[in-house]
Amino acid sequence: MTLSKVVSPYANRRARLAKLIGPKGIAIVPAAPEQQRNRDNDFLFRQDSYFYYLSGFTEPNATLVITGDGKSTLFCQPKDVEREIWNGYRLGPEAAPAALRLDAALPIADLDAKLPTLLDGRDAVWYPFATHKGLETRIDAWLGSVRDRVRYGTLCPQQQRDLCGVLDEMRLVKDTTEQATMRRAAQISAGAHIRAMQLSSRMLRAGQELREYHLDAELLHEFRRHGSQYPAYGSIVAAGANACVLHYRADTGLIRDGELVLIDAGCELDGYASDITRSFPANGKFSSAQRALYELVLASQEAAIAVTKAGARFTDPHDATVKVLAQGMLDLGLLGKNKVGGLDDVIEKRAYFQFYMHRTGHWIGMDVHDCGAYTEPSETGRVSERKDALTGETIKDRPARILQSGMALTIEPGLYVRPADGVPEQFHNIGIRIEDDAIVTDNGCELISRDVPVTVAEIEALMRG
């Protein structure tokens with residue numbers, strides 16, 4: 001197939017964006033800057049998600065300009081043999097139009113000189129607000145150059161608009177290309193979780209010292225072995241009581257026989273994140289207390305999965321989770337009925353918050369906590385107020401987002417039991433979270449991360465192997 005006939009999802013997205021900003025609009029999207037780590041060493045470069053979504057271009061020091069008439073121009077680093085010897089290959093302005101399906105490409109050094117011309121005659125300039133330090137100042141300078149020439153007939157844009165809102169809505173529904181990449185990322189991450197589970201039981205059976213960083217190393221190995229560029233976020237590998245710290249990071253903690261291990265980890269593949277959590281017994285066998293709490297969390301996740309479908313609200317999975325968890329807390333004695341009342345009282349007073357203090361999911365895509373409004377845009381005028389049962393703060397509620405086919409979200413209930421008066425001792429210091437990635441469909445949702453076992457029987461069987 002010739003290059004010109006290959007369908008480019010990036011070109012399609014740019015065409016969609018051009019229509020959304022209007023025929024006289026212009027959008028300016030910078031690449032991510034390189035970030036210094038220490039002295040003369042930079043952090044590993046990761047492209048800006050908005051820029052990559054529209055271009056597929058992975059080099060730093062670049063800017064993409066899209067006009068409402070559908071024309072796209074990339075400003076990028078020129079070819080430089082000496083710099084490429086040190087820092088790697090550059091595509092360059094000459095090759096970029098054909099490779100990226102662009103109308104034009106110019107050296108990044110020409111940006112300040114060319115932008116006033118591109119802005120002339122436009123009615124609005126769109127760019128991502130508050131995401132690139134110094135961008136607003138540069139745009140003010142470009143607009144100033146246009147205004148300086150109004151006596152010669154130039155027309156300066158009268159509006160500055162936030163591009164994030166438009167792109168967030170576009171990115172919220174994943175196209176088939178994005179979905180395929182996310183499935184592959186989840187598949188790789190599932191394999192990494194399996195590898196970590198099996199190493200845990202194997203090392204303990206052999207009488208070897210096992211620490212959290214041993215399992216973290218297995219995750220990273222499996223990510224890279226299958227082509228992932230990086231972890232999507234800092235992996236959480238938490239043994240024993242550490243699992244009750246929600247954002248704990250893999251450290252030197254000793255993993256003991258009889259403890260649970262919580263791993264929250266996912267790779268990033270070609271710009272798209274995965275996000276999976278599994279909780280498992282380090283030795284491969286659940287105790288009765290661990291099993292009771294684990295099966296409660298799993299039941300709450302299944303309730304959330306059952307209501308995740310097109311037409312449902314984003315909050316429906318959370319509400320379903322809370323109902324199951326709250327009843328389980330009463331049944332297991334985590335909450336005393338004489339003290340907190342029945343199920344409706346636990347939910348209304350948020351008494352469950354002692355053991356479950358986060359939401360049941362978030363959008364996922366190019367960013368692990370992906371962009372997109374959680375309220376329904378068509379109903380933003382509907383606002384109600386309530387007083388929070390725990391803080392007494394007045395909360396303004398707007399209708400939650402209506403799920404559409406192609407949206408992607410996590411489903412991740414949990415229980416975190418810290419020692420406290422009235423809490424049965426057999427549950428102390430047990431932290432459990434179960435998280436899967438889901439793509440919304442017309443009739444339900446597709447769980448793309450279930451290649452890693454999730455039931456008690458499946459986990460125990462895997463870890464015996």
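Is it the case that residue 446 is charged (D, E, K, R), surrounded by fewer than 17 Cβ atoms within 10 Å (Cβ to Cβ) and touching a strand residue (DSSP E or B) at 6+ places or on another chain (Cβ under 8 Å)? Yes.
Within region 108-136, being touching a helix residue (DSSP H, G or I) at 6+ places or on another chain (Cβ under 8 Å) and not in a loop (DSSP other than H, G, I, E, B) holds for 112, 115, 116, 119, 124, 125, 126, 127.
Taking region 375-465 and the strands (runs of 3 or more DSSP E) fully enclosed by it, the elements with 3 or more residues that are within 21 Å of residue 331 (Cα to Cα) are at 414-417, 430-433.
For residues that are hydroxyl-bearing (Ser, Thr, Tyr) and out of contact with any Asp or Glu (no Cβ under 9 Å at 6 or more places or on another chain), scanning just region 282-320, find the one that is surrounded by the fewest Cβ atoms within 10 Å (Cβ to Cβ). So, considering only residues that are hydroxyl-bearing (Ser, Thr, Tyr) and out of contact with any Asp or Glu (no Cβ under 9 Å at 6 or more places or on another chain), the one surrounded by the fewest Cβ atoms within 10 Å (Cβ to Cβ) is 288. The residues of region 322-348 that are under 19 Å from residue 420 (Cα atoms) and surrounded by fewer than 21 Cβ atoms within 10 Å (Cβ to Cβ), listed by number, are 330, 331, 332, 333, 336, 337, 338, 339, 340, 341.
Are any residues in region 331-354 assigned to a loop (DSSP other than H, G, I, E, B) and either among the polar types (S, T, N, Q) or in contact with a helix residue (DSSP H, G or I) (Cβ under 6 Å, 6 or more places away or on another chain) (or both), and if so, which ones? Within region 331-354, just 335 meets the criteria.
Of all residues in region 99-120, those that are without any contact (Cβ under 8 Å) to a residue 40 or more places away in the chain have Cβ atoms under 6 Å from Cβ atoms of residues that are assigned to a helix (DSSP H, G or I) and aromatic (Phe, Trp, Tyr), 6 or more apart or on another chain, in 116/142.
If the condition is being touching a Pro at 6+ places or on another chain (Cβ under 8 Å) and among the charged types (D, E, K, R), then region 311-367 contributes only 313. Summed over region 51-91, residues that are free of Cβ contacts under 8 Å to residues at least 40 places away in the same chain and of a type in the set (Phe, Trp, Tyr) total 4.
Taking region 131-172 as the range and being touching a Cys at 6+ places or on another chain (Cβ under 9 Å), closer than 19 Å to residue 33 by Cβ and free of Cβ contacts under 8 Å to residues at least 12 places away in the same chain as the test, no residue passes. Scanning region 86-105 for residues that are closer than 20 Å to residue 118 by Cα, among the hydrophobic types (A, V, I, L, M, F, W, C) and in a loop (DSSP other than H, G, I, E, B) gives a single hit, 102. Among the residues of region 29-50, at least one is touching a residue at least 12 places away in the same chain (Cβ under 8 Å), assigned to a helix (DSSP H, G or I) and touching a strand residue (DSSP E or B) at 6+ places or on another chain (Cβ under 8 Å). The residues on offer are 218, 212, 268, 222, and the sole one that is closer than 16 Å to residue 201 by Cβ and touching a strand residue (DSSP E or B) at 6+ places or on another chain (Cβ under 9 Å) is 212. Examine region 397-411 for a residue that is in contact (Cβ under 8 Å) with a residue 12 or more places away in the chain, crowded, with 19+ Cβ neighbours inside 10 Å and within 30 Å of residue 337 (Cβ to Cβ), and state whether such a residue exists. Yes; the residues of region 397-411 include at least one that is in contact (Cβ under 8 Å) with a residue 12 or more places away in the chain, crowded, with 19+ Cβ neighbours inside 10 Å and within 30 Å of residue 337 (Cβ to Cβ). Going by the structure shown, is residue 22 on the phi > 0 side of the Ramachandran plot, in the same structural domain as residue 106 (by TED's automatic domain parsing) and touching a Pro at 6+ places or on another chain (Cβ under 9 Å)? It is false that residue 22 is on the phi > 0 side of the Ramachandran plot, in the same structural domain as residue 106 (by TED's automatic domain parsing) and touching a Pro at 6+ places or on another chain (Cβ under 9 Å).
Across region 317-334, the number of residues qualifying as over 28 Å from residue 374 (Cβ atoms) and either touching a Phe, Trp or Tyr at 6+ places or on another chain (Cβ under 7 Å) or not acidic (Asp, Glu) (or both) comes to 4.
Looking at 382, 359, 350 in this structure, which one is within 30 Å of the chain's Cα centre (by Cα) and free of Cβ contacts under 8 Å to residues at least 24 places away in the same chain?
382
All conditions in (1) of a type in the set (A, V, I, L, M, F, W, C); (2) touching an Asp or Glu at 6+ places or on another chain (Cβ under 9 Å); (3) within 16 Å of residue 463 (Cβ to Cβ) hold for residue 215, with the sole exception of (2). Among the residues making up region 104-163, those that are more than 34 Å from the chain's Cα centre (by Cα), polar (S, T, N, Q) and surrounded by 14 or more Cβ atoms within 10 Å (Cβ to Cβ) are 145, 154. Screening residue 369 with (1) free of Cβ contacts under 8 Å to residues at least 40 places away in the same chain; (2) assigned to a strand (DSSP E or B); (3) closer than 21 Å to residue 167 by Cα gives one miss only, at (2). Applying the condition of being of a type outside the set (Ser, Thr, Tyr) and without any contact (Cβ under 8 Å) to a residue 60 or more places away in the chain to region 234-244 and asking which residue is surrounded by the fewest Cβ atoms within 10 Å (Cβ to Cβ) yields 234.
The values are calculated or read from the model by the stated rules, or taken from the named source; none is laboratory data. Given the structure is predicted, the values throughout are model-derived calculations rather than measurements. Glycine gets a Cβ as well: all are built from the backbone with ideal geometry, and neighbour counts include every protein chain shown.
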